[in-house]
Structures are given as C-alpha cells and as structure tokens.
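Below is one structure, written out as structure tokens, with a few remarks after it.
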Amino acid sequence: MKKIAKILLSAAVMSSMALGMTGCNSEKKDETTKAAGGETTTTEASKSEEADKTEGDTEASSEEGAKTNDGELIKVGIINNDPNESGYRTANDKDMRETFTKENGYDASFAYSLKNDEQIAAAQQFIQDGVDYLLISAAGTAGWDTVLQDAQDAGIKVILFDRTIDADESLYEASIVSDMAKEGETAVDWLSSQNLSEYKIIHIQGVMGSSAQIGRSGALDSKVAAEANWTIVSQQTAEWNAETAQQIVQAVIDSGEKFNVIYAENDDMAKGAVQALDKANISHGVGKDVIVIGFDCNKWALEELLKGNWNYDGQCNPFQASYIDDIIKNGAKQKVVIMEEKGFDAATITQDDVDKYGIGN
Amino acid sequence: MSSSENKLQNNTLLATIKKIVSKQVFIPIAALLILVIFNLAADPSFFKISVDKSSSGDPIMSGFLVTILDNASELAILAIGMTLVTSASGGQDISVGSAIAIAGSVMLRVVCGTSARPESLHAPIIVAFLVCVLVSMAFGAFNGVLVSYCKIQPMVATLILFTAGRSIASWINNNQLPVVSDPKFGYYGNFIPGIPVPTPIFIAAICMIVIALILKFTNLRLYSQAVGINPHSSRLNGINPQLVKLLTFVILGACVAVAGFIKVSRLSTINYAVIAKDIEMDVILAVALGGNSLSGGKFSMTSSILGAYVIQFLTTTLIKFKVSANAIAAYKAVVVIILVVMSAPIVREKLGSLKKKVLSRKTVKEVA
C-alpha cells in the first residue's frame with residue numbers, strides 16, 4: 001500500500017513539474033511577430049518544426065580567418081530568429097551576414113532559433129567561447145536575466161536588435177528597434193499632406209494585438225478622431241491576409257459606398273485591396289481616384305509604387321547591422337536606438353530606392 | 001363533417017411539412033433562407049447584380065451574391081472531400097489549410113521554375129496543375145495510411161501535416177514568394193476575359209458534377225457509409241475498410257489541389273503563413289451544418305455543399321454590416337452554435353416529438 005502511495009506521489013510530482021515546464025515554455029513563446037513581410041505568427045508547432053531544422057546550427061563562419069588574424073578581429077556571437085520566418089527576417093539575416101565579415105574586422109558566429117530556451121542555450125555557448133559582443137534578437141521577452149548577467153560578469157557586451165526583452169537596462173549596451181507607432185504617424189502625415197478635401201478611408205488591419213497592428217492603427221485612429229473631414233468607411237482586420245482584404249474591399253464596393261483611401265497595414269493586404277479595385281474598375285494610384293497605402297517595402301510593392309499603381313509604402317527597417325557596427329566601433333550614445341524608417345511616395349520613388357530598400361526577390 | 005375534412009387536410013399538410021423538415025437538407029436551406037430574409041429586410045440592394053466593366057475592359061458581374069458564390073467555391077470543393085472523409089473515417093482532416101499551402105507552392109514552383117519572378121510561364125498551367133494534384137493526393141494518401149493502416153485518430157494523424165505543412169510549402173520554393181506576372185495564370189481565380197461570371201464558380205460546378213456522377217455510378221457512397229457505420233461488418237461483407245478510408249483521403253487530396261489552384265490563381269502569388277488560414281475549421285463546419293454526423297456513417301453531399309455556401313453567406317453578411325474586427329468571430333460563433341445545435345440529430349428528434357405533442361393536443365381540442 002505504501003509503495004503504491006509512493007509511486008502515485010512521485011508520479012504526481014513529476015507531472016506537476018512537467019506541467020510547470022510547459023507553462024513556462026508557452027509563456028516564453030508568447031510573442032507577437034513582427035508584421036514585416038506580411039507574416040503572422042506561424043503556429044507554435046511549425047515554429048518548433050522550423051527550429052528543429054536549424055537547431056544547433058551554430059556555425060563559425062570565418063573560423064580560419066580568426067586563426068590567422070587572432071588579435072585583430074572582434075568576435076561577435078549573433079543570435080537571431082530563423083531566417084525562414086519571413087521576408088523581413090531573411091533580409092535582416094542577409095544584412096547581418098554582409099556587415100559582420102572578416103573584411104569589416106569581425107569574426108562572427110551565428111545561431112538561429114525561434115525558441116527562447118534554445119536561444120538562451122546558444123548565448124551561454126557564446127559566452128563560454130569568449131566572444132566580445134553578443135547580438136540578440138530574442139524570440140521571447142522573458143528569461144534572459146541570468147544569461148545577460150553571466151555575459152556582463154564575463155565582460156561581454158550585449159546589444160539587442162529588432163526586439164526588446166524584459167531585463168534591466170544595465171544588462172545591455174543598447175537596443176535597436178523599430179517604432180511601429182512612428183511608422184504609422186509618418187504614413188498618416190504623408191496622407192494629410194495630400195490635402196484632399198475629404199478622406200474616406202478603408203482601414204485594413206493586421207492581426208489584432210500584434211505590435212505592428214497597434215502602432216499602425218493607433219496613428220490613423222487618433223488622426224480620424226481629431227479631424228472632421230477624415231472618416232473611416234470600414235475598419236476590419238484581414239489578419240495580414242490578401243484574400244480577406246480583397247473580400248473586405250469588395251464588400252464596400254458592392255454596397256456602393258464611396259471611398260478614396262485604402263490604408264492597409266501591410267503590402268499583402270494592399271495587394272488584395274487593389275485586386276478588388278481592379279475588378280470594379282476603380283482607378284487607383286498617383287493622381288487617380290483612390291490612394292493606396294501599404295507597409296513593409298517588399299520589392300514587388302515598391303515596384304507597384306514605381307509604376308504609379310500605389311501611392312505610399314512605409315518601411316519597416318530590417319537593416320540594423322550598420323547601427324550595431326557603429327555602436328561597436330564608436331560606443332553607444334543611448335540605450336534605445338530607434339531606427340530611421342522611411343516612407344516612400346510614388347511620386348518621388350526611384351529605381352535605386354527599389355533596389356536598395358526592397359525586401360525579398 | 002367539415003371539421004373532419006379539415007383535420008384530414010391538416011394531417012396531409014402536417015405530413016408534408018414533417019417530411020420536408022425531417023430531410024437532412026432542410027437545415028442548411030433554412031439557414032440560407034434566414035440569411036436571405038435578414039439581408040432582404042436590412043438592405044434590399046444586397047441582391048442587386050450588375051454587369052460592369054473591369055479595368056481591363058472586360059464585362060464582369062458584380063454584387064454580393066456573385067461575391068458569395070465566387071468566394072465560397074474553395075469551401076464547397078473542400079466540403080466534398082471532407083464529407084467523404086468524415087463519413088468513412090468518423091473523423092476530420094485538419095491539415096486542409098496547410099495542404100493548400102503545399103499545393104499552391106507546388107503549383108507556383110512548377111509554373112515559375114527556379115526564378116521567383118519569371119517573365120513567362122516555365123510550364124503550361126495544366127501540367128503544373130496535374131503535378132499539384134499528384135502531390136496533393138500523395139499527401140492525402142499519407143494522411144490516409146496513418147488513419148487506415150496505422151489506426152491513428154484522424155485528427156491526430158492530420159495534426160502532423162497541419163503543423164509541418166506550411167514549413168514544407170515554404171521549403172518547396174526556397175522560402176521565396178514567387179509572383180506570376182502572366183495574366184493568364186490569374187484567369188482561374190478571377191475572370192476569363194469575355195465571360196462575366198467568375199471562373200471559380202465554374203470550377204466548383206464541375207467538381208460538384210463530377211462527384212455527383214461518381215456517387216451515382218459507383219459504390220463509393222455505399223462503401224464509405226458502410227465502413228463509417230461499422231468497419232467490422234463491412235469487412236465481413238467483402239469491403240476493405242482500410243482501402244475505402246485511404247481512398248476518401250486521396251479524394252480529399254484532389255479537392256485540396258483544386259482549391260489550392262484557385263487560391264494561388266486569385267492573387268498570382270502565395271504567402272505560406274496566411275494562405276487558406278483556418279479554412280479547415282470552416283470546412284468541418286460546413287459538413288456539420290449539413291447535418292452530417294461527425295462521427296461517420298451516413299452523409300448527404302448536397303447538404304454539406306449548401307453548408308459551405310451558408311458559411312460564406314454569413315461571412316460576407318458580417319463583413320457587409322461592418323461588424324467590428326474583434327467581434328466578427330464571436331458573431332460567427334453564436335450563429336454557428338445555433339445552427340449546429342439545431343441540426344444535431346438528437347435535438348431534432350426531441351423537437352419533432354415536442355411538436356407532435358403540441359399538435360396532437362390541438363387536434364384533440366378541435367375534435368372536442
């Protein structure tokens with residue numbers, strides 16, 4: 001009898017531990033994705049799937065260079081999300097790899113994971129390897145305190161990019177992030193500079209609650225509340241999905257309501273909206289009936305701008321490497337560095353802009 | 001004298017009404033009627049259909065009804081396959097959305113070749129479509145083998161593809177998002193120049209005709225129902241239950257390929273993370289709305305397909321009434337709960353007996 005009770009007890013303890021652990025995990029993974037590239041959060045499981053593929057992908061890309069030229073090179077350990085996550089991430093990773101090269105005086109090692117715990121393990125590995133700088137784009141915001149403390153004790157400087165974490169500011173040198181609210185404001189300012197007599201807007205939102213949605217919606221909402229001649233014809237979420245966006249715009253067209261602005265919170269949704277306009281023979285673009293606004297600066301979207309089919313595209317800057325490079329070489333001037341993000345106007349965009357700022361193929 | 005005549009008339013009338021109500025197809029039709037009446041009352045212009053010119057100068061039919069028929073096409077096609085899977089295996093395939101991502105990705109891969117932005121099509125669309133059908137059927141067979149031969153619960157078996165599918169899809173195209181610039185590719189998801197009716201409606205109609213012919217001229221219906229009701233006794237009667245289950249999953253795979261083709265053709269591009277997101281739930285809902293038992297056995301194909309149109313009707317209605325973004329899912333849920341509860345066999349039986357009681361009391365009074 002006692003034995004059975006013992007077994008039961010131990011089983012209970014084990015299962016509660018397991019439960020506790022899964023609890024932690026899900027909390028850590030609780031993140032909103034960067035909307036850039038029009039990607040929503042991939043499902044938890046597919047994330048782990050992707051993470052499995054790249055797990056332990058810690059590679060020393062320029063090992064030989066380090067050996068021949070040991071004293072000169074700055075050793076950096078870069079922890080990033082899986083480049084397959086989105087077009088934004090692919091561009092981000094490419095930028096990192098192009099900046100932190102031997103030619104630029106770096107000995108860079110990369111680790112990829114979409115899982116927070118794997119990222120933390122990679123960080124510990126880098127600390128043991130004795131890197132000079134640790135660059136982190138964290139998958140989740142929690143759980144980084146200990147490892148950052150370890151890094152500080154070992155005299156390693158930490159720079160966060162793209163995503164912030166919940167840790168004391170003293171634990172890292174700087175954090176380089178996008179300001180989604182500012183992206184929205186830039187776009188809204190541009191829109192108001194068009195001096196239309198009336199703004200009748202179809203507002204197509206991203207996944208509700210994601211940082212990109214909150215920032216980009218917020219700017220428009222406050223402007224509409226403040227101005228008398230700005231009205232929202234329809235405000236609905238298409239969850240970054242082009243097809244849903246198309247249906248939303250189609251519904252407004254079918255009901256015969258008038259509108260002259262489409263404010264889509266990413267390029268994909270703007271594309272869907274334009275598809276509905278084309279079907280209904282409503283002209284759009286520079287000097288036409290409807291103004292089309294998108295975000296993220298995908299290359300194909302900027303090409304639409306170049307052709308004059310769209311009017312404006314707001315950037316969500318994936319190119320943090322130059323900022324980090326500057327901080328490493330010249331020291332950090334402030335804790336939180338907000339990246340400069342452009343908005344492109346179809347009237348002034350050039351082919352060079354498309355090549356330079358366009359994300360993807 | 002007159003009262004008995006009355007009663008007789010009453011009885012025949014009741015009988016016909018009862019006959020109609022007890023038909024499975026009654027629930028989706030009733031739901032459709034309610035939606036139609038609601039929209040008619042709220043805004044009669046809902047049903048206006050006009051023929052306009054698109055920006056390329058071709059005539060195009062537009063209006064809410066056309067939009068609904070157009071957008072429900074994928075759902076209706078998928079409902080065909082899902083009904084069969086549900087009937088034979090007594091479970092549902094939840095990997096439909098991910099499988100569509102794979103199908104679409106394969107389609108674009110074949111059409112675009114290695115470059116993500118091809119100037120011209122690298123392969124004829126029909127070839128790409130056939131490859132896409134084959135791949136989808138193979139993935140369907142994968143699910144089918146897990147369910148039939150490994151005896152894994154359908155929902156668990158298809159969970160594998162549900163989680164992995166979108167990653168596989170992005171891997172097929174090296175994580176690039178191909179864009180097809182040839183307008184011909186877009187014909188299948190939009191309009192063929194000169195024909196004002198959206199192409200997906202035709203494709204859906206073709207699929208329905210094909211499945212109607214299959215059900216009429218083969219034993220598919222009998223076999224899958226027999227397997228769904230009792231696999232052991234059907235085996236004793238010479239049907240191979242494993243093969244039948246596998247077959248239904250392969251058929252669903254073919255449906256997925258068609259739906260995926262329409263989806264990528266609509267936009268001439270793909271986004272692996274969001275294409276056909278959560279569509280599996282809508283498809284399962286369509287089957288449930290059709291009054292089909294989700295635990296397998298007898299099914300009505302017409303009801304399932306009508307169920308798909310009801311769901312799209314509901315979605316479009318909600319979008320039209322600008323239900324706030326956060327609330328749209330909640331509204332849908334309420335309507336769906338009512339419909340599903342109404343169509344559940346037990347509830348309908350109870351309601352039927354209740355009605356009988358009330359009516360019999362009435363007639364008793366009348367006689368008295």
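Is it true that residue B:328 is more than 17 Å from residue B:31 (Cβ to Cβ) and either within 14 Å of chain A (Cβ to nearest Cβ) or touching a residue at least 12 places away in the same chain (Cβ under 8 Å) (or both)?
Values: more than 17 Å from residue B:31 (Cβ to Cβ): yes; either within 14 Å of chain A (Cβ to nearest Cβ) or touching a residue at least 12 places away in the same chain (Cβ under 8 Å) (or both): yes.
Here the answer is yes, as residue B:328 does meet what is asked.
Report yes if some residue within the stretch B:293-309 is open to solvent by less than 30 Å² (accessible area, probe 1.4 Å), without any contact (Cβ under 8 Å) to a residue 40 or more places away in the chain and of a type outside the set (Val, Ile, Thr); otherwise report no.
Here is the first cut: in the stretch B:293-309, the ones open to solvent by less than 30 Å² (accessible area, probe 1.4 Å) are B:296-297, B:299-301, B:303-305, B:307-308.
With the extra rule that they be without any contact (Cβ under 8 Å) to a residue 40 or more places away in the chain, the set shrinks to none.
The answer is no, given that none of the residues of the stretch B:293-309 is open to solvent by less than 30 Å² (accessible area, probe 1.4 Å), without any contact (Cβ under 8 Å) to a residue 40 or more places away in the chain and of a type outside the set (Val, Ile, Thr).
Just to be sure before I move on: is residue A:281 farther than 20 Å from residue A:162 by Cα, within 12 Å of chain B (Cβ to nearest Cβ) and touching a His at 6+ places or on another chain (Cβ under 7 Å) in the structure I sent?
no
Please specify each residue of the stretch A:220-230 satisfying the condition of being open to solvent by 10 Å² or more (accessible area, probe 1.4 Å) and either among the aliphatic types (A, V, I, L, M) or closer than 27 Å to residue B:71 by Cβ (or both).
A:224, A:225, A:226, A:228, listed by residue number.
Does the stretch A:280-299 hold any residues that are open to solvent by 30 Å² or more (accessible area, probe 1.4 Å) and either touching a residue at least 24 places away in the same chain (Cβ under 8 Å) or aliphatic (A, V, I, L, M) (or both), and which are they?
Those that are open to solvent by 30 Å² or more (accessible area, probe 1.4 Å) and either touching a residue at least 24 places away in the same chain (Cβ under 8 Å) or aliphatic (A, V, I, L, M) (or both): A:280, A:282, A:286, A:289, A:299.
Out of everything in the stretch B:110-125 that is in a helix (DSSP H, G or I) and away from chain A (no Cβ under 14 Å), what residue ends up being farthest from residue B:270 (Cα to Cα)? Explain how you work it out, then say what you get.
Pass one, the stretch B:110-125, residues in a helix (DSSP H, G or I): B:110-112, B:125.
In the following step, the residues that additionally are away from chain A (no Cβ under 14 Å) were identified as B:110-111, B:125.
On the way: B:110: 14, B:111: 13, B:125: 16 Å.
Filtering first and then ranking leaves B:125.
Do we find a residue being open to solvent by 20 Å² or more (accessible area, probe 1.4 Å), at pLDDT below 70 and either closer than 19 Å to residue A:322 by Cα or not aromatic (Phe, Trp, Tyr) (or both) anywhere in the stretch A:70-83?
Yes, there is a match, as at least one residue in the stretch A:70-83 is open to solvent by 20 Å² or more (accessible area, probe 1.4 Å), at pLDDT below 70 and either closer than 19 Å to residue A:322 by Cα or not aromatic (Phe, Trp, Tyr) (or both).
Of the residues A:306, A:277, which is more than 17 Å from the chain's Cα centre (by Cα), aliphatic (A, V, I, L, M) and open to solvent by less than 10 Å² (accessible area, probe 1.4 Å)?
On the way: A:306 fails: open to solvent by less than 10 Å² (accessible area, probe 1.4 Å).
A:277 is the lone residue from the list that is more than 17 Å from the chain's Cα centre (by Cα), aliphatic (A, V, I, L, M) and open to solvent by less than 10 Å² (accessible area, probe 1.4 Å).
Can you give me the ranges of the helices (runs of 4 or more DSSP H) entirely in the stretch A:164-254 with at least 3 residues that are within 21 Å of the chain's Cα centre (by Cα) and closer than 23 Å to residue B:272 by Cα? Walk me through it before giving the result.
Values: elements: A:180-192, A:211-226, A:242-254.
Answer list for the stretch A:164-254: A:211-226.
Is at least one residue of the stretch B:42-65 more than 10 Å from chain A (Cβ to nearest Cβ), crowded, with 20+ Cβ neighbours inside 10 Å and either more than 20 Å from residue B:263 (Cα to Cα) or in contact with an Asp or Glu (Cβ under 7 Å, 6 or more places away or on another chain) (or both)?
no
Among the listed residues B:203, B:214, which satisfies the condition of being out of contact with any Lys or Arg (no Cβ under 9 Å at 6 or more places or on another chain), within 26 Å of residue B:70 (Cα to Cα), modelled with pLDDT of 95 or more and not in a loop (DSSP other than H, G, I, E, B)? Walk me through it before giving the result.
Details: B:214 fails: out of contact with any Lys or Arg (no Cβ under 9 Å at 6 or more places or on another chain).
Among B:203, B:214, only B:203 is out of contact with any Lys or Arg (no Cβ under 9 Å at 6 or more places or on another chain), within 26 Å of residue B:70 (Cα to Cα), modelled with pLDDT of 95 or more and not in a loop (DSSP other than H, G, I, E, B).
Could you tell me which of the residues B:224, B:181, B:170, B:148 is at pLDDT below 90, open to solvent by less than 70 Å² (accessible area, probe 1.4 Å), touching a Ser or Thr at 6+ places or on another chain (Cβ under 8 Å) and among the hydroxyl-bearing types (Ser, Thr, Tyr)? Step through it out loud before you land on a result.
Working: B:224 fails: at pLDDT below 90; B:181 fails: open to solvent by less than 70 Å² (accessible area, probe 1.4 Å); B:148 fails: at pLDDT below 90.
After ruling out the rest, the residue left standing is B:170.
Within the stretch A:248-278, work out how many residues are within 11 Å of chain B (Cβ to nearest Cβ) and in contact (Cβ under 8 Å) with a residue 24 or more places away in the chain. Show your work before the answer.
Here is the first cut: in the stretch A:248-278, the residues within 11 Å of chain B (Cβ to nearest Cβ) are A:248-257, A:266-269, A:271-272, A:274-278.
Pick out the ones that are also in contact (Cβ under 8 Å) with a residue 24 or more places away in the chain and you get A:248-250, A:252-253, A:257, A:266-269, A:271-272, A:274-277.
The qualifying residues number 16.
Looking at (1) within 30 Å of residue A:220 (Cα to Cα); (2) part of a loop (DSSP other than H, G, I, E, B); (3) touching a residue at least 24 places away in the same chain (Cβ under 8 Å), which is the only condition residue A:131 fails?
Only one criterion in (1) within 30 Å of residue A:220 (Cα to Cα); (2) part of a loop (DSSP other than H, G, I, E, B); (3) touching a residue at least 24 places away in the same chain (Cβ under 8 Å) is unmet by residue A:131, namely (1).
The values are calculated or read from the model by the stated rules, or taken from the named source; none is laboratory data. Everything numeric here is computed off the predicted structure, so don't read it as measured data. Don't worry about glycine lacking a Cβ; one is built from the backbone with ideal geometry, like all the others, and counts go over all protein chains shown. All accessible areas refer to the heavy atoms of the entire protein, side chains included, with ligands and DNA or RNA removed. Shrake-Rupley method; radii C 1.70, N 1.55, O 1.52, S 1.80 Å.
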